[in-house]
Amino acid sequence: MGKAAAPDAESTPSAIPLWRDPKKRAIVFQIVVLLLVLGTAYVLFSNTQANLSRQSIATGFGFLQTESGFEIGESVIPYSSADTYGRALLAGALNTIKVSFIGIVLMTILGVFVGIARLSRNWLVSRMAAVFIEVMQNIPVLLQLFFWYAIFYEAFPSPRQALNPLPGLFLCNRGLIMAVPADNAAHQPMFIALIAALALWWVIRRWAKGRQERTGRSFPVVRTGLGLCLLLPALVWLAYGAPTALDIPELQGFNFHGGITVSPEFSALLLGLVLYTSAFVAEIVRAGIQAVSRGQIEAAMSIGLRPGQVLHLVVMPQALRVIVPPLTSQMLNLTKNSSLAIAIGFADFVSVANTTINQTGQAIEGVALIMAVYLCFSLSTSVFMNWYNKKTALVER
Amino acid sequence: MKPFKLLSIVICLLLLPCSIAYAGKDLDAVRKKGFIQAGVNGGVFGFGMPDAKGVWKGLDVDTAHAVAAAIFGDASKVKFTPLTAQQRFTALQTGEIDLLTRNCTRTLTRETALGLNFVQVNYYDGQAFMAPKKLGVKSATELDGATVCVLPGTTTEQNAADYFRANHMKWKPVVIESTTELAKTFFAGRCDVLTSDSSQLAGTRAVAPNPKDYVILPEIISKEPLAPAVRHGDDQFRDIVDFTVLALINAEELGITSKNVDAKLQSEDPVVKRFLGVTPGNGKALGLDEKWVYNIIKQVGNYGEIFDRNVGPDTALGLERGLNALWTNGGLMYSPPFK
């Protein structure tokens, strides 16, 4: 019989006391930590409430229903100073969404383009792309915004001497003012026709892919799709009697009335943010493309694919795995950097919320709202991009 | 496991006495610090702006110096924090500054919902519009459809909205947070008019590249009583700041200036003796040294001297006393008796 004791078959293990059982200990510690966190949060909250009421500073979100009393420079929805703070904040949030969405689309396109250009075998093209990337990455974004804003209001003339390159198109330091089709009953059906055309394009694409896999015959999907998008709304337009009335801007008094105005604040913010962030996206795209092994490109070319097809069919699907996560970060960066709009006068959400904080004195509720809204924007962007990433992920064998 | 248990017990014990934490009495905190932290504008010439050598100058700056002279006997015991219109009230509410001398208008909401206490007005102002002469505008009623440069988060913004709405005129605002950036944008022609308190407009025009090209339109569309402010919660500190500003006004009424205050110490007039602390009583009532008024007048001057030095007819702003004259001269500056 060795030293190692054989398990005693008769005795059953007695109940392990609480402080010696690792599983139960872990639960107890977690409860203690949770209570500590909740306790700290409660202390902070009640301390804040007590201090605020001692100094008789107003609390609560009731201010959202009161009249705002200030105007907003540009707004997607109709808004005037007689509307509530809640509507003002909504207008600001929509402005942020407008600039972020357009900015993200432009930044992605420009970034991919510059990234591919950087890898071009043409020496001049790749050098120019490199210079663009280095310059745009290294100058702080606020300075770039000031620069573009100053260009827009210094370089262009006043409304009375506005440039008029085309009839109905004016360029001055108040912005780009364009003629648009006057409001007409045909517009909504035309929009519905466009949506229908896009849906049809998607269906055709799936059918064409299926057919190519079965029989090998390709189908010009893109051309057909574009043609549908132009044709269906045009048919609706004709059906409504081909309305051609335009809303032409005219100079009356101080400013132009009519048409739509793209303000210098919006243009400067969009341009500054897009140029700055696209430089980072270009580097990400370059990293993604270089991550695809050289052998893939050689193999693709050896079966006779043209360089454009190599990029589109072989390199990009593999590079996207590397590109999409950092690209999501840059999209979030652009959204958050749009809060710098307050320095150049664009009425984005932070600017409107700051004014609200100042008028109502409720800094805590205001900042909490800003945090909540930006968190919403960021989370929805990253959820969408993560879904896209999963969808286009290659299945490894 | 043992050290962790010990640590968690210690943390729990430390948290126990954490009941409601009160902000300390403001005056005691200021006395302990040895100086006053004053919030100023930083961008308005004549009220609160550093000069070419970086020394802070202005009407509000001098008011803060007067409060320091009252509390510490030394007008230089002030540190200045430049604040934008959007930061100013939060900075005072949270305790980042002790005193807000930043050409702030006293309003009902600010006095109540923001938890601030405004003291004696140190400048009665009104809102006006400034336009380039070449626009040919003679009156604010002709501004339908104009683009207006305005600072965000100010009474200016709301008053302009109210004025245009009341007169059924349309307008477009350009709101930029920084006073200097806003002025630059106006001078570059981005907007047709600049609107602000008329004293600020005069100050902005004084430092413009070509002041003669701009005209301040005659309409005054609002009342803007500019007063220093402190937080709710410390009545003694509020009284000190209040009576400091009133002392400046009362000194001018009694004819006491920084030049003759030493001679006035020998005066036989009982009102002057009580005022300057030769007859004790006022200082003790406020919790200050009996020479507090003497220190203020000697080191900073009376209201007239401060006005003339910073915004008076001989300065670049060239403002007349107008509403800011003594009540004996047709203005609104009136002090209760110092006894």
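The values are calculated or read from the model by the stated rules, or taken from the named source; none is laboratory data. Just so it is clear, the model here is predicted, and its values are computed rather than measured. Glycine also receives a Cβ, built like all others from the backbone with ideal geometry; neighbour counts cover every protein chain displayed.
Checking B:Phe307 against (1) at positive phi; (2) crowded, with 23+ Cβ neighbours inside 10 Å; (3) not hydroxyl-bearing (Ser, Thr, Tyr), which test does it fail?
Condition (1) is where B:Phe307 drops out.
Only one of these is at pLDDT below 90 and either within 14 Å of chain B (Cβ to nearest Cβ) or within 30 Å of B:Val137 (Cα to Cα) (or both): A:Gly259, A:Gly216, A:Gly308. Name it.
Being at pLDDT below 90 and either within 14 Å of chain B (Cβ to nearest Cβ) or within 30 Å of B:Val137 (Cα to Cα) (or both) holds for just one of A:Gly259, A:Gly216, A:Gly308, which is A:Gly259.
Please state which one of B:Pro313, B:Pro337 is out of contact with any helix residue (DSSP H, G or I) (no Cβ under 7 Å at 6 or more places or on another chain) and not assigned by TED's automatic domain parsing to the domain that holds B:Gln120.
B:Pro337
Do you know which residues across the stretch A:19-39 are more than 12 Å from every other protein chain (Cβ to nearest Cβ) and either modelled with pLDDT under 75 or surrounded by fewer than 10 Cβ atoms within 10 Å (Cβ to Cβ) (or both)?
A:Lys23
Based on what the data block shows, is B:Lys172 of a type in the set (Lys, Arg), more than 9 Å from chain A (Cβ to nearest Cβ) and more than 20 Å from B:Asn41 (Cβ to Cβ)? Let's see the steps before the verdict.
Working: of a type in the set (Lys, Arg): yes; more than 9 Å from chain A (Cβ to nearest Cβ): no; more than 20 Å from B:Asn41 (Cβ to Cβ): yes.
No.
Looking at B:Thr84, B:Thr63 in this structure, which one is buried (at least 17 other Cβ atoms within 10 Å of the Cβ), among the hydroxyl-bearing types (Ser, Thr, Tyr) and modelled with pLDDT under 90? I'd like the intermediate steps shown before the answer.
Details: B:Thr63 fails: modelled with pLDDT under 90.
Every option except B:Thr84 fails the conditions.
Test each condition in (1) among the β-branched types (Val, Ile, Thr); (2) within 30 Å of A:Ser263 (Cβ to Cβ); (3) touching a residue at least 24 places away in the same chain (Cβ under 8 Å) for A:Ile195 and report the one that comes out false.
The number of the failed condition is (3).
Here are some residues: B:Lys291, B:Lys264, B:Lys223. Which one is surrounded by fewer than 16 Cβ atoms within 10 Å (Cβ to Cβ) and at pLDDT 90 or above? First the steps, then the outcome.
On the way: B:Lys291 fails: surrounded by fewer than 16 Cβ atoms within 10 Å (Cβ to Cβ); B:Lys264 fails: surrounded by fewer than 16 Cβ atoms within 10 Å (Cβ to Cβ).
The conditions single out B:Lys223.
When A:Ala347 is evaluated against the numbered criteria (1) touching a strand residue (DSSP E or B) at 6+ places or on another chain (Cβ under 8 Å); (2) modelled with pLDDT under 90, which criterion, by number, is the only one it fails?
(2)
With respect to A:Met371, determine if the residue is under 11 Å from the mean Cα position of the chain (by Cα), of a type in the set (A, V, I, L, M, F, W, C) and part of a helix (DSSP H, G or I).
Details: under 11 Å from the mean Cα position of the chain (by Cα): no; of a type in the set (A, V, I, L, M, F, W, C): yes; part of a helix (DSSP H, G or I): yes.
Answer is no for this residue.
Here's the yes/no breakdown for (1) in contact with a strand residue (DSSP E or B) (Cβ under 7 Å, 6 or more places away or on another chain); (2) among the acidic types (Asp, Glu); (3) closer than 23 Å to B:Leu83 by Cα; (4) part of a helix (DSSP H, G or I):
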site	(1), (2), (3), (4)
B:Thr109	no, no, yes, yes
B:Tyr124	yes, no, yes, no
B:Ala128	yes, no, yes, no
B:Ala131	yes, no, no, no
B:Lys138	no, no, no, no
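If we only count strands (runs of 3 or more DSSP E) wholly inside the stretch B:183-241, which ones have 2 or more residues that are more than 13 Å from chain A (Cβ to nearest Cβ)? Steps first, answer last, please.
Numbers: elements: B:193-197, B:214-216, B:224-226, B:229-231.
By residue number, B:193-197, B:214-216, B:224-226.
Name every residue in the stretch B:179-221 that is among the polar types (S, T, N, Q) and either in contact (Cβ under 8 Å) with a residue 60 or more places away in the chain or under 20 Å from B:Pro82 (Cα atoms) (or both), in order of residue number.
Of the residues in the stretch B:179-221, the ones among the polar types (S, T, N, Q) are B:179-180, B:185, B:195-196, B:198-200, B:204, B:210.
Of everything in the stretch B:179-221, those that are among the polar types (S, T, N, Q) and either in contact (Cβ under 8 Å) with a residue 60 or more places away in the chain or under 20 Å from B:Pro82 (Cα atoms) (or both) turn out to be B:Thr179, B:Thr180, B:Thr195, B:Ser196, B:Ser198, B:Ser199, B:Gln200, B:Thr204.
B:Thr156: surrounded by 18 or more Cβ atoms within 10 Å (Cβ to Cβ) and either at pLDDT below 90 or not aliphatic (A, V, I, L, M) (or both), yes or no? Step through it out loud before you land on a result.
Details: surrounded by 18 or more Cβ atoms within 10 Å (Cβ to Cβ): yes; either at pLDDT below 90 or not aliphatic (A, V, I, L, M) (or both): yes.
Yes.
Can you tell me which residue among A:Leu124, A:Leu142, A:Leu198, A:Leu226 is part of a helix (DSSP H, G or I) and within 14 Å of chain B (Cβ to nearest Cβ)? Steps first, answer last, please.
Values: A:Leu124 fails: within 14 Å of chain B (Cβ to nearest Cβ); A:Leu198 fails: within 14 Å of chain B (Cβ to nearest Cβ); A:Leu226 fails: within 14 Å of chain B (Cβ to nearest Cβ).
Of A:Leu124, A:Leu142, A:Leu198, A:Leu226, the one residue that is part of a helix (DSSP H, G or I) and within 14 Å of chain B (Cβ to nearest Cβ) is A:Leu142.
Select from the stretch B:25-75 the residues that are part of a loop (DSSP other than H, G, I, E, B) and charged (D, E, K, R) and list them in ascending order. Steps first, please.
Step one: list which residues in the stretch B:25-75 are part of a loop (DSSP other than H, G, I, E, B), which gives B:25, B:34-35, B:41-43, B:45-47, B:51-55, B:58, B:73-75.
Result: B:Lys25, B:Asp51, B:Lys53, B:Asp74.
Select, from B:Gly287, B:Gly312, the only residue that is under 19 Å from the mean Cα position of the chain (by Cα) and more than 16 Å from B:His65 (Cβ to Cβ).
Numbers: B:Gly287 fails: under 19 Å from the mean Cα position of the chain (by Cα).
The match here is B:Gly312.
If you scan the stretch A:362-397, which residues turn out to be modelled with pLDDT of 90 or more, surrounded by 12 or more Cβ atoms within 10 Å (Cβ to Cβ) and of a type in the set (S, T, N, Q)?
A:Ser378, A:Thr381, A:Ser382, A:Asn386
Just to verify a result, which residue in the stretch B:259-285, among those that are among the hydrophobic types (A, V, I, L, M, F, W, C) and not in a loop (DSSP other than H, G, I, E, B), is nearest to B:Gly301 (Cα to Cα)? Step through it out loud before you land on a result.
Pass one, the stretch B:259-285, residues among the hydrophobic types (A, V, I, L, M, F, W, C): B:261, B:263, B:265, B:271-272, B:275-276, B:278, B:285.
Then keep just the ones that are not in a loop (DSSP other than H, G, I, E, B); that gives B:261, B:263, B:271-272, B:275-276, B:285.
On the way: B:Val261: 9, B:Ala263: 14, B:Val271: 19, B:Val272: 16, B:Phe275: 15, B:Leu276: 13, B:Ala285: 23 Å.
Taking the candidates together, the pick is B:Val261.
Let's see how each residue does on (1) more than 25 Å from A:Leu145 (Cα to Cα); (2) within 14 Å of chain B (Cβ to nearest Cβ):
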site	(1), (2)
A:Val285	no, no
A:Pro317	yes, no
A:Met331	no, no
A:Lys336	no, no
A:Ile342	no, yes
A:Ser351	no, yes
A:Asn358	no, yes
A:Ala363	yes, yes
A:Gly366	yes, yes
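Does the stretch A:257-287 hold any residues that are without any contact (Cβ under 8 Å) to a residue 40 or more places away in the chain and assigned to a helix (DSSP H, G or I), and which are they?
Result: A:Ala287, single match.
Among the residues that make up the stretch A:143-157, is at least one of them surrounded by fewer than 16 Cβ atoms within 10 Å (Cβ to Cβ) and farther than 30 Å from B:Glu177 by Cα? Break it down stepwise before answering.
Just the residues of the stretch A:143-157 that are surrounded by fewer than 16 Cβ atoms within 10 Å (Cβ to Cβ), to begin with: A:143, A:147, A:151, A:154-155, A:157.
With the extra rule that they be farther than 30 Å from B:Glu177 by Cα, the set shrinks to none.
No; the residues of the stretch A:143-157 include none that is surrounded by fewer than 16 Cβ atoms within 10 Å (Cβ to Cβ) and farther than 30 Å from B:Glu177 by Cα.
Does any residue of the stretch B:145-152 turn out to be surrounded by fewer than 18 Cβ atoms within 10 Å (Cβ to Cβ) and within 13 Å of chain A (Cβ to nearest Cβ)?
Pass one, the stretch B:145-152, residues surrounded by fewer than 18 Cβ atoms within 10 Å (Cβ to Cβ): B:145.
After this cut, where a residue has to be within 13 Å of chain A (Cβ to nearest Cβ) as well, the list is B:145.
Checked against the condition, which is being surrounded by fewer than 18 Cβ atoms within 10 Å (Cβ to Cβ) and within 13 Å of chain A (Cβ to nearest Cβ), the stretch B:145-152 yields at least one hit.
Taking the stretch A:145-186 only, how many residues are within 14 Å of chain B (Cβ to nearest Cβ) and in a loop (DSSP other than H, G, I, E, B)?
6
For the stretch B:108-134: of the residues being surrounded by fewer than 18 Cβ atoms within 10 Å (Cβ to Cβ) and over 11 Å from B:Ala229 (Cα atoms), which is farthest from the other protein chains (Cβ to nearest Cβ)?
The first filter runs over the stretch B:108-134 and keeps only residues surrounded by fewer than 18 Cβ atoms within 10 Å (Cβ to Cβ), leaving B:108-109, B:111-112, B:126, B:133-134.
Checking the rest, the ones that are also over 11 Å from B:Ala229 (Cα atoms) come to B:108-109, B:112, B:126, B:133-134.
Working: B:Leu108: 12, B:Thr109: 7, B:Thr112: 7, B:Gly126: 18, B:Lys133: 14, B:Lys134: 9 Å.
Of everything passing the filter in the stretch B:108-134, B:Gly126 is farthest from the other protein chains (Cβ to nearest Cβ).
Tell me which residues, restricted to the stretch B:286-307, are of a type in the set (A, V, I, L, M) and not in a helix (DSSP H, G or I). Can you show your working first?
From the stretch B:286-307, those of a type in the set (A, V, I, L, M) are B:286, B:288, B:293, B:296-297, B:300, B:306; that's our starting set.
Answer for the stretch B:286-307, where residues must be of a type in the set (A, V, I, L, M) and not in a helix (DSSP H, G or I): B:Leu288, B:Val300.
Which condition does A:Ala239 not pass, out of (1) touching a His at 6+ places or on another chain (Cβ under 7 Å); (2) without any contact (Cβ under 8 Å) to a residue 60 or more places away in the chain, if it passes all the others?
Condition (1) is where A:Ala239 drops out.
Suppose we keep only residues that are part of a loop (DSSP other than H, G, I, E, B) and more than 10 Å from chain B (Cβ to nearest Cβ) within the stretch A:40-65. Which one would you say is nearest to B:Glu157 (Cα to Cα)?
So the first thing to find is which residues in the stretch A:40-65 are part of a loop (DSSP other than H, G, I, E, B), and the list is A:55-56, A:58-61.
Keeping just the survivors that are more than 10 Å from chain B (Cβ to nearest Cβ) gives A:60-61.
Numbers: A:Gly60: 24, A:Phe61: 22 Å.
Across the stretch A:40-65, the extreme among qualifying residues is A:Phe61.
In the set B:Ala188, B:Ala160, B:Ala183, which member is small (Gly, Ala, Ser) and touching a Cys at 6+ places or on another chain (Cβ under 9 Å)?
Numbers: B:Ala188 fails: touching a Cys at 6+ places or on another chain (Cβ under 9 Å); B:Ala160 fails: touching a Cys at 6+ places or on another chain (Cβ under 9 Å).
Matching residue, one of B:Ala188, B:Ala160, B:Ala183: B:Ala183.
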